[in-house]
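What follows is one structure encoded as structure tokens, with my remarks underneath.
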Amino acid sequence: MKDTGKCPKCKGAPIIYLEGIQKMPSGYIKVKTNEEEYVQVDRYVCSVCGFMEEWIPEPDLARLRAMCNI
Ligand SMILES: [Zn+2]
């Protein structure tokens with residue numbers, strides 16, 4: 001969806017981009033329960049059927065890899 005601009009379920013378009021917002025609970029994921037480490041979560045929503053994908057954008061993805069020693 002992010003790259004194709006089309007829904008993989010219904011082939012619909014356009015795709016709506018919803019950037020993860022830090023002050024919203026659903027906009028960020030806590031990585032480890034005992035540490036204050038969060039990563040941003042962006043969403044891509046099909047405007048036809050409502051199917052949704054979630055992506056962690058750079059540089060938060062790089063931070064996540066470092067937190068997980070990858
Ligand atoms: Zn769809």
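Read-outs throughout are calculated quantities, based only on the coordinates presented, and are distinct from any laboratory measurement. The shown structure was predicted, so the numbers you read here are calculated from the model rather than taken from an experiment. Cβ placement follows ideal geometry from the backbone for every residue including glycine, while neighbour counts extend to all protein chains displayed.
Numbers for the structure displayed
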item	result
Residue satisfying all of: in region 22-65; assigned to a strand (DSSP E or B) and touching a helix residue (DSSP H, G or I) at 6+ places or on another chain (Cβ under 8 Å); nearest to the ligand (Cβ to nearest atom) among these	Q40
Scope region 33-53; condition hydrophobic (A, V, I, L, M, F, W, C) and without any contact (Cβ under 8 Å) to a residue 24 or more places away in the chain; matching residues	V41, M52
When residues of region 1-21 are limited to those that are within 13 Å of the chain's Cα centre (by Cα) and not in a loop (DSSP other than H, G, I, E, B), the one nearest to the ligand (Cβ to nearest atom)	I16
Residue among K9, K30, K2 that alone is without any contact (Cβ under 8 Å) to a residue 12 or more places away in the chain and either surrounded by 12 or more Cβ atoms within 10 Å (Cβ to Cβ) or out of contact with any Cys (no Cβ under 7 Å at 6 or more places or on another chain) (or both)	K30
Members of region 33-66 found to be of a type in the set (K, R) and under 21 Å from I16 (Cβ atoms), listed by number	R43
Residue under evaluation C68, criteria (1) away from the ligand (no atom under 16 Å from the Cβ); (2) in contact with a Cys (Cβ under 7 Å, 6 or more places away or on another chain), criterion not met	(2)
